[in-house]
Structures are given as C-alpha cells and as structure tokens.
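Heads up: the structure comes next, in structure tokens.
The values are calculated or read from the model by the stated rules, or taken from the named source; none is laboratory data. A quick note: this is a predicted structure, and the numbers were derived from the prediction, not measured. Don't worry about glycine lacking a Cβ; one is built from the backbone with ideal geometry, like all the others, and counts go over all protein chains shown.
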Amino acid sequence: MDPSAISIPPLKNLTTENITENVHLINTHNKPSPRLSYVLERLVTHLHDFARETRLSTQEWMEGIQFLTKTGQTCTDVRQEFILLSDILGLSLLVDSMDHPKPTHLGATEGTVLGPFHTHEAHHMSNGASMSHDPEGEPLLVICTVKDTAGNPIRGIKIDLWETDSTGHYDVQRPEVNHGEPDGRCVMTSDEKGCFWFKAIVPVSYPIPHDGPVGQLLLKLKRHPWRPAHLHAMFNGAGWDPLITALYIRGDPYETTDAVFGVKDSLIVDIETVTDENMAREYGVDIGHKLLTYDFVLVSEEESRKLREQQATEALEKLGRRVKIVEGLPVPDLD
C-alpha cells in the first residue's frame, strides 16, 4: 500500500482521553463498508473502555497477547482452540442465538454450540446404518423426523451427526483406534416422510480438551472442563435456516454446569428402551435395546431473516442506537 496514495487525517497530541476518537477518525476516513465501519467502531470503543475501566497494566496486556498467541498455536486441522475459547466464554452460544433465532412458540428446535470437533470427512449413510463401531459402547437406536413449523415433513435435508466413543473421545482425538477413518459420525438425508434413523452408542460425559491455554484458563477460574453426554446434529437444506444443535441426555451430572454453556431445556431428552416387538422387528434390534427419538423442527430462511432483523432492531434501539438493516445486518442509520 502506497501511503502517498491514501488520504490520512492528521493525528495530534494523543492522550488516554482522545485516543479512541482518533482511532475512529482514521478507521472511517476513507469510507470502508458501513458494516465494517460499524463493527470496528464498536470493537475499538469496547476494547478501549475495557482498558480504561480495568486500568489494564502493561504486564496484563502482554499476558493477554501471549495467551491469544498460545491459543492460535494450539489450533490444528482437527482441534480449534479458538472455538473452544469462544465456547467457554459463552460467545459461541450468543452468536448462534442471535444469528439463527428460532420461533420457539412455533415449536422450532433451538440451536446450540458447534463445538471444535465437527469435520467434513464423515461418510454418507442410509437409514439403519451404524455410525459407531466402538465395541465398548452401549448400542443405541436413534429415530428422528424433520418437519417444518406447520408439521409437514421435509425431505432431502442433509443431516450431519457426530458423537464421542465410549471413552469420551472424538475419532480425530484417537486416530490410532480407527486408523484415521471417520467413526462416531455420519451424514444422512431425510426421506420422503422427513425421517432418518441410525444406530449409534449411548452418549457419555466427557471433558473438553484442557491441556492447552483454554484448560489453563479454566483452572485459574476454578471451573471444570466437563460436558454432559450429548449427540451433535447439524441440518442444512435449500431454503431452510441452518440448524446446529445437540441432544443432551437427561440426568447427566453435568447437565446444569456444561463447560461450554450448550444445554437448553428443550434439548434435554430421555433414553428409553425398545419394548414393542413390532418396532424391534422393524428396526432390527432386540427388546430392551436403548432408544432415542426426537422430532426436529426447522424454520425457513425467510422466517429466520425476519426474526433476526426484528430482534436486532429492537435490541439496538434499547441501547439507544438508531440502525437500519443492510444485507441482513445492522449498520448505523445516518440519514
């Protein structure tokens, strides 16, 4: 970038009181996109106010820089430490809830955190297939439907599913066990009745990876790293708002203290057993086999867009900020 080709306003006599306005001035002088300007203006304002309110020391600032550096250095192709950090700070759940709001009064399934262990290597499986090959896991039959808010089945929805093995590890954490092949995960497609069903294992509680900077932070905060037993599910289909969610097993000891704030009451489910002989015969399992059933409800992209824009406008008006919606996101209304 050639400095001589860029117009920069003069910055003079910088102090703790005027540094923020000077940063805003130089960031907005050449008129970047309205959304970028708004995001940076808010980010700088809150960062500077945070420093002022805490009287942040140079040592603390450097420790923060080093912590973030170590967080980035811990990331790999199969471990996203920054997502983990976002999760344990509650940011992941907040962003998902704002960006993909669900009209729960219409029965829409709520979203939750993606977590750091979703991959794109899972094999596509047909109804009835087993996504887990863990001989130590307790076999589980999972029968689900996908419908809209009017109760109509939705066919052709892509469903990503993943869970840990019986030791509480995802396949990418133990590649030596499955020889690098995807296990405990699959991709399915809802049929003409909106149904999909598969065989898995009963989910177990497990600790998030706590041998890195996020774990060290939890230790200093005297927080545990455990997550309650759950099964991840992600739904995608043309015209439908993406849904990232999970089903949590009722009664888990960490149900109310999830390290990443993922549990919602509507997503807590019971593990039952197959008691009907006809069902056992239809799904190829024995009487007494563990059973999980759930009806997922999706909302359209249009339903979600309207609700997202409405909630954004209302929330920012309460903060005294006049905004307009541009490409689905709020920017200052300066007209």
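A few notes on this one:
- Residue within region 302-317 that is among the polar types (S, T, N, Q) and in a strand (DSSP E or B) present: no
- Residues in region 177-197 that are within 26 Å of THR167 (Cβ to Cβ), in contact with a strand residue (DSSP E or B) (Cβ under 9 Å, 6 or more places away or on another chain) and charged (D, E, K, R): ARG185 alone.
- Scope region 207-239; condition buried (at least 21 other Cβ atoms within 10 Å of the Cβ), in contact (Cβ under 8 Å) with a residue 40 or more places away in the chain, of a type outside the set (A, V, I, L, M) and under 19 Å from VAL172 (Cβ atoms); matching residues: HIS230, HIS232
- Number of residues in region 317-335 that are touching a Pro at 6+ places or on another chain (Cβ under 6 Å) and either farther than 9 Å from ARG35 by Cα or polar (S, T, N, Q) (or both) equals 1.
- For region 99-108, the set of residues classified as in a loop (DSSP other than H, G, I, E, B) and either surrounded by 15 or more Cβ atoms within 10 Å (Cβ to Cβ) or within 9 Å of the chain's Cα centre (by Cα) (or both) consists of HIS100, PRO101, LYS102, GLY107, ALA108, listed by residue number.
- Given (1) in a helix (DSSP H, G or I); (2) farther than 26 Å from ALA312 by Cβ; (3) without any contact (Cβ under 8 Å) to a residue 12 or more places away in the chain, number of the condition HIS120 does not satisfy: (1)
- Selection status of GLY288, exposed (fewer than 13 other Cβ atoms within 10 Å of the Cβ), at pLDDT below 95 and either assigned by TED's automatic domain parsing to the domain that holds GLY115 or not in a strand (DSSP E or B) (or both): no
- Selected residue (only one of GLU277, GLU314, GLU255, GLU272 is more than 28 Å from TRP162 (Cβ to Cβ) and in the same structural domain as HIS120 (by TED's automatic domain parsing)): GLU277
- Condition met for ASP96 (within 26 Å of GLN311 (Cβ to Cβ) and either assigned by TED's automatic domain parsing to the domain that holds THR149 or not in a helix (DSSP H, G or I) (or both)): yes
- Single unsatisfied condition, HIS100 versus (1) under 24 Å from LYS290 (Cα atoms); (2) in contact (Cβ under 8 Å) with a residue 60 or more places away in the chain: (1)
- Across region 238-283, the number of residues qualifying as in contact with a Phe, Trp or Tyr (Cβ under 7 Å, 6 or more places away or on another chain), of a type in the set (A, V, I, L, M) and over 18 Å from THR145 (Cβ atoms) comes to 3.
- Every residue from region 286-321 that is farther than 27 Å from ASN236 by Cβ and in contact with a helix residue (DSSP H, G or I) (Cβ under 8 Å, 6 or more places away or on another chain): ASP286, ILE287, HIS289
- Residues that are touching a Phe, Trp or Tyr at 6+ places or on another chain (Cβ under 9 Å) and of a type outside the set (Lys, Arg) within region 195-208 comprise TRP197, PRO203, SER205, TYR206, PRO207, ILE208, listed in sequence order.
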